[in-house]
Every structure is written in C-alpha cells, then in structure tokens.
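Nothing in this text is a laboratory measurement; each read-out follows from the coordinates by a stated rule. Here the structure is a predicted model, which is why all the values come from computation and not from measurement. Counting neighbours? That spans all protein chains shown, and the Cβs are built from the backbone with ideal geometry, glycine included.
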C-alpha cells in the first residue's frame with residue numbers, strides 16, 4: 001500500500017516534473033525557432049535604426065562613408081541647423097497635412113466604394129477587378145503617369161480644363177503652383193491607395209453575419225442606423241488595421257513626391273521623405289539626413305500610437 | 001526529429017532572406033585584380049596590347065537615346081583599335097551617380113572612369129572617388145586643354161577632371177517663327193532692351209496662335225540643371241555667386257545686388273507677361289522647341305540632342321545666338337562655361353591609367369568627335385588638338401559668346417546653392433515676395449548649405 005502510494009506520488013511528481021519540463025522544452029523550442037528571425041531582425045532592423053539615430057548626432061559626410069570613418073559627435077548640430085533653417089518645421093507641417101488629408105479622403109472614398117460594391121450591383125465583380133489596376137501599378141510608374149496627366153501645357157488635365165472652360169484657362173499647372181502642388185500629389189496618392197483599402201474594407205464588410213443585419217432591418221433600423229450601429233462597429237478591427245497601414249504608407253511616401261514635384265515649388269511639397277533624401281543624397285550630409293529620419297520615425301510612431309490609443313479607448 | 005527539421009527549416013528560411021541581398025563583388029573584382037597585377041614597364045598602346053585591361057566606365061549619357069548609339073560605337077571602335085582594353089560600361093541615372101558609386105564600391109566593384117559634369121566634382125573628391133587627371137593623362141596632351149575650360153575643374157586647389165567639350169549659355173531660336181514675325185537673325189539684339197523688343201514683337205505676332213506655347217523660355221523648375229541656368233543668367237547680368245576663395249559672394253553688395261535684382265525682374269517680366277511658363281524644366285523646353293512651339297529659349301548647346309530627338313530635321317529651323325552683351329546696369333552677357341567631362345577613378349593600376357589615357361585621347365580626337373559635335377550634342381571643342389574640328393553651323397550665332405565665358409569655382413554644396421536660385425526666382429515672380437525678401441531668403445538657405 002505504502003509502496004503503491006509512493007509510486008503514485010512519484011508518478012505525480014514525475015508527471016508534474018515532466019509536464020513542467022515539457023513546457024520548458026516547448027518554450028525553449030519556440031525560442032530556438034524564433035532565434036534566427038530575431039537575430040535577423042536585430043541585425044537588419046534594430047541595429048540600423050540605432051546606427052541611424054547615433055549618426056544623426058554626428059557630422060557624417062561622404063568621406064566618412066567611403067573611408068569607413070566614424071562620424072564626429074557634434075552636439076545636436078544637425079538638429080539645431082535643421083530647426084534654425086525652418087526646414088524641420090516646414091517638413092513636419094507638410095507631412096502631417098499630406099498624411100491627414102490623404103488618409104481621411106482615402107478612408108471616406110474607400111468606405112463609400114466598399115458600401116457600393118457590397119450592394120451586389122451589376123458588374124461589381126468586374127468593377128472590383130478593374131479598380132485594382134492602380135494598386136498593382138508600381139508607385140514610380142503611377143507618378144510618371146500623373147506627371148503626364150498634369151503636364152503643362154500638353155497634359156490631359158490641361159486639355160480637359162481648356163475644353164470645359166472654352167479655352168479661357170490655358171495655363172493651369174497644378175504642380176507649379178505653391179497652393180495646389182500638394183493637392184496634385186494627394187490626388188495621385190488617392191488614385192493609388194483607394195483600391196486596396198476598398199478591398200480590405202469590403203472583405204471586412206462581407207464577414208459581418210447577414211442575420212444580424214437582417215434582424216436590424218426587421219426591427220426597423222434604417223440604412224444609416226445599420227451602418228453606424230452595426231456595420232462600422234463590426235468592422236472596427238479592419239478599419240483600425242487599414243487606416244494604420246494607410247497612415248504608415250503615406251508617412252513613408254517618397255516616389256510620388258520624387259516623380260511629381262521633387263519637393264517644389266519653393267518647398268511646398270518637401271516632406272520628411274524628400275528632405276531626408278536631399279540632405280543625405282543631394283548634399284551628401286548623411287548625419288543631417290539621419291536627423292530628419294529620426295524625427296520622421298518618432299513622429300510616425302507617435303501618430304500611429306495615438307491612433308491606436310483612440311481606437312482602443314473606443315473599444316473599451 | 002520533427003523539431004530538428006522545424007528548426008533547420010526556420011533557420012534556412014530566415015537566412016535565405018538575408019542571402020538574397022548578396023553581391024557580385026567576386027565576379028567583377030577579378031578583372032580589376034588581373035589588371036592590377038599587370039606589369040608597368042611598357043608604354044602607351046603597347047602596354048595595353050600586351051595585357052588585358054578592364055575599365056569600368058560609368059556614363060549617364062548612355063541612358064540618353066540620342067547619345068547612347070554614339071558612345072556604344074565609339075567604345076567599340078576604341079576597343080578594336082586597342083586590343084586588350086575592355087571598356088565595361090555602366091549606365092547610371094544622372095541624379096543617383098554618387099549613390100551608385102558608393103554602393104558599387106561597397107560591393108567591391110571598381111569605379112575606373114566617369115563621364116559626368118563639373119558640379120559633381122566636389123562630392124566625388126570628398127568621397128575619394130576620383131584623382132587628378134594630371135596624374136594619368138600624358139603631359140603633352142594635358143597641356144593642350146584650353147585654360148578657360150580647364151579652370152572650372154578646380155576644387156580645393158587642384159584640377160579634378162578634363163573636358164570633353166564645352167558650351168556657353170546659348171539662346172536657341174526657331175528662325176522660321178522669328179522670320180515669319182518679320183525679324184531677322186542677322187539683326188539679333190545685343191542689348192537686353194533689344195531682346196525685350198523682339199520678345200514683345202513675337203508675342204504680338206503669335207498672340208492668337210495656340211500652337212506657340214513660349215515666346216522666350218527660361219527654366220525655373222527646382223532641379224540642378226535649372227540652378228546652373230539661372231546662375232548663368234545672373235552672371236550675364238554681371239553678378240557673381242561664388243567668390244574665388246569658395247565662399248558665398250555677398251549678394252547684398254554691389255554689383256551683385258543690382259545683378260540679382262535685375263535678374264529677378266527679368267524673370268518676372270517673362271513669367272508675368274506669359275512669355276515663359278513658371279516651373280518648366282529644360283527638357284520641357286527642348287521637347288516643345290523640337291515640336292515647333294517655342295520661339296526662343298536659353299539652354300546649353302548640347303540641349304540640341306533632345307531637340308533632335310523630337311524632330312530629326314530640327315536643324316532646318318534651329319539657329320542660335322549668344323546672350324546680349326549688354327544686360328542691365330553692369331551685365332556684359334558673360335556666360336558660365338559648362339562642360340561634359342571625364343573624371344578618373346582614384347584606384348587605378350598603372351595599366352588602367354594607360355588605358356584611361358588612351359581612351360580620353362581617343363574621345364578627344366577630331367575624327368572621333370566630328371559627327372558628335374555636329375549632329376548629336378552640339379558644343380565647342382576644349383582641346384587645341386581639335387582646333388580643326390568643324391563646329392555645327394547651328395552654333396554660328398552662339399560662337400560670339402565664347403569669348404565671353406567665365407568660370408565659377410567649385411564648392412561642395414554647389415548643386416543645392418544654385419538650385420536655391422530657382423526657389424528665389426519663384427518666390428519673387430509667383431509667390432509675391434519682394435526682391436529684398438527673396439534675396440534674404442536665398443542668403444539664409446545658401447548659408448544653410450554652405451555651413452553644413
């Protein structure tokens with residue numbers, strides 16, 4: 001009896017130890033599996049970011065790069081110089097304006113299109129295929145395409161404006177005007193980004209159970225009531241992800257600016273991306289370019305963090 | 001076993017992603033290594049004939065349709081004439097030369113020879129990419145370059161390039177359009193007031209003609225080529241942008257202040273009256289000129305290459321003129337000299353140096369350049385050995401300005417400083433800034449680049 005009890009206790013103990021050991025083994029195995037990816041992540045993402053941040057505090061020119069010499073600590077001179085020139089403030093406001101307007105309009109248009117395509121209108125499937133074309137086109141090509149559309153005086157836009165105004169407006173150069181250039185890029189960005197967001201929102205919309213919508217309809221809920229109280233709340237996670245993606249995408253936007261305005265006219269479209277490129281690859285001041293990139297990264301993290309907090313708060 | 005397999009797969013997957021970024025350093029360094037080990041006891045062509053030498057030649061002109069064929073043929077003919085020398089061409093984008101060099105050098109590739117522009121020199125010298133041509137080119141041949149062209153290659157007290165050919169600022173004129181308006185190229189104005197009279201007469205004549213988009217085109221787009229172009233106009237008005245010692249000239253002091261104010265006023269006159277469009281690039285004017293939509297515009301002589309792409313028969317209606325010799329209060333129509341040039345890689349073996357020397361001399365020969373200078377990239381010769389080379393008759397009008405060229409010292413941020421001039425012009429002509437404010441803003445921004 002005693003020996004039997006001891007055996008059971010031993011078995012339990014061993015079992016516990018085994019279970020514990022198994023857990024430990026699983027954790028260890030998971031860690032081992034993750035290790036290669038983590039090493040790569042640290043080597044190719046974390047270290048370059050840290051290196052860039054360190055570089056932003058140094059004087060680092062092309063000679064440093066080619067001779068493999070470390071930069072010289074310069075007591076925040078890159079940041080001070082950028083701030084005193086007004087370039088940092090200007091880039092911040094232009095970037096925030098571009099991101100804010102583009103994300104808001106992309107969401108509004110995409111949601112509208114998704115709602116339209118969700119109504120099973122004739123040709124919806126065909127429309128869905130066609131509207132993916134802008135998303136498939138590489139951004140640089142899209143930029144060139146829009147630069148031809150906007151070209152003055154031979155572009156399509158100029159032709160249409162001239163036609164509709166009966167030749168009264170013959171010199172409309174949207175990208176040449178300080179007040180309209182950013183809007184020209186926003187239109188191109190919308191054209192490029194709306195298709196993907198529409199598709200993502202549509203798939204989120206189609207995952208909502210039909211019976212809930214039917215029940216609301218039977219209970220007398222109108223279209224907008226169903227939209228606001230059922231559709232949108234059900235799509236919260238999809239909306240959060242797609243809008244976050246859109247914010248990040250537009251913060252990073254460089255090809256459209258490079259191909260359409262290159263930051264002009266008179267700096268009206270000089271975002272962080274353009275400023276960073278100019279500092280690093282036009283003036284070959286890599287330290288200054290890294291300073292812009294650091295501020296840019298921080299701002300992007302702050303905006304995405306605030307956005308996610310707002311969504312989380314609403315969820316609560 | 002399963003776990004081991006999973007681990008191996010995860011590792012292979014992760015590291016295969018990193019391996020995708022590998023480079024081809026090994027393959028290309030071989031040719032350089034072989035040439036590096038070459039003996040140095042022989043001279044000139046004979047040395048090259050005895051050994052296999054590979055030169056990696058970075059040439060942005062290869063991406064331009066009009067020039068690519070000429071370069072390919074020239075390189076082929078050179079290689080046929082110089083057995084054992086292999087020119088490995090690398091076509092690079094004009095705007096990303098430096099990044100390409102940096103990346104290629106980091107990948108173990110060599111940059112042996114570059115075909116480029118003068119304003120690249122500061123960055124290339126700072127980066128240690130190029131060496132002085134006097135260390136590579138035969139002294140007798142080197143001494144044959146015209147001083148007023150060679151001087152522009154000075155940076156930090158030394159010459160860092162040799163010109164292929166050069167140009168002054170040229171007014172391209174559609175002689176058919178001009179003559180139809182009752183004007184004669186024989187009486188092309190030599191004063192700014194005379195030029196304005198021509199512009200106004202042409203505008204009056206073509207005011208109802210929708211096919212004419214530009215009466216007198218000046219580029220104002222914020223790109224490097226525009227910066228050089230505006231600087232040339234400012235120089236023609238008697239201004240100096242960069243002092244001999246490489247510092248920023250004082251634009252608030254005379255005669256620079258008057259020159260800058262008159263330059264800005266001239267742009268305002270052109271843009272405000274619709275004689276030119278704001279924010280146009282040179283390539284826009286070249287295309288429109290080739291299409292017969294532009295009466296006159298200011299460019300470098302080699303801009304004709306793109307005009308000729310639009311209309312192969314453009315020579316029939318194209319004429320040129322020099323800038324007026326009287327421009328504003330102090331301006332004498334001086335023109336900044338511009339060149340396309342050979343820049344020589346820093347780390348060459350002796351055999352490679354000899355091959356570069358041969359190639360540069362081959363490309364600076366009358367028989368090699370005759371066709372190019374007449375039909376493709378119109379320009380003037382920069383070496384006395386080509387004094388007999390026939391220049392395109394299209395440049396007959398512009399040749400008067402050759403005696404009036406000046407050079408500008410090179411400084412590291414020259415591209416940005418010049419480009420800022422375009423912003424200044426737009427601030428004054430379009431954005432409603434006063435001349436004083438526009439100039440003050442220019443000084444602030446130029447200082448920003450110079451003091452980096």
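Descriptive notes on the structure:
- Model label zone, residue A:210; criterion: amide N under 20 Å from point 7 Å along Cα-to-beta-carbon; scope the stretch A:91-129: A:114-126
- The antiparallel fraction among DSSP beta bridges confined to chain B stands at about 65%.
- Calculated FRET value between residue A:46 and residue B:72, using beta carbons and R₀ = 51 Å, to 0.05: 0.65
- Looking at the protein assembly as shown, the DSSP beta bridges with both ends there are about 65 percent antiparallel.
- Shielding by partners, peptide A:57-70 (average Cβ within 10 angstrom, other chains): 3
- Neighbour counts of C-beta atoms inside 10 Å place A:286, B:285, B:448 in the sequence B:448, A:286, B:285, starting with the fewest.
- On Cα atoms only, tilt of B:414-429 relative to the major axis of chain B in degrees: 30 degrees
- Inter-site label distance for residue A:32 and residue A:307 at 7 Å from Cα along Cβ, in nm: 4.0 nm
- Over the residues of chain B, the helix contribution to mean residue ellipticity at 222 nm works out to -13000 deg cm²/dmol, using -39500 (n - 2.57) for each DSSP H run of at least 4.
- Expected 222 nm ellipticity per residue - DSSP helices of 4 or more, -39500 (n - 2.57), all of chain A, to 500: -23000 deg cm²/dmol
- Folded to 0 to 90 degrees: helix B:256-272 orientation relative to chain B principal axis, Cα: 80 degrees
- Degrees between helix B:435-450 axis and first principal axis of chain B (Cα, 0 to 90, nearest 10): 10 degrees
- Ranking of B:198, A:148 by neighbouring Cβ atoms within 10 Å, starting from the fewest: A:148, B:198.
- Calculated FRET efficiency, residue A:218 to residue B:250, Cβ-Cβ distance, R0 = 60 Å: about 0.15 to the nearest 0.05.
- For the stretch B:271-323: relative contact order, % (alpha-carbon pairs under 8 angstrom, 6 or more apart): 29 percent
- Listed by Cβ neighbour count within 10 Å, with the fewest neighbours leading, B:56, B:286 appear as B:56, B:286.
- FRET efficiency for the residue A:156 to residue B:265 pair, using the beta carbon distance and R₀ = 45 Å, is estimated at 0.80.
- Look at the stretch A:280-288: the mean tally of other chain Cβ atoms within 10 Å of its residues' Cβ atoms is 5.
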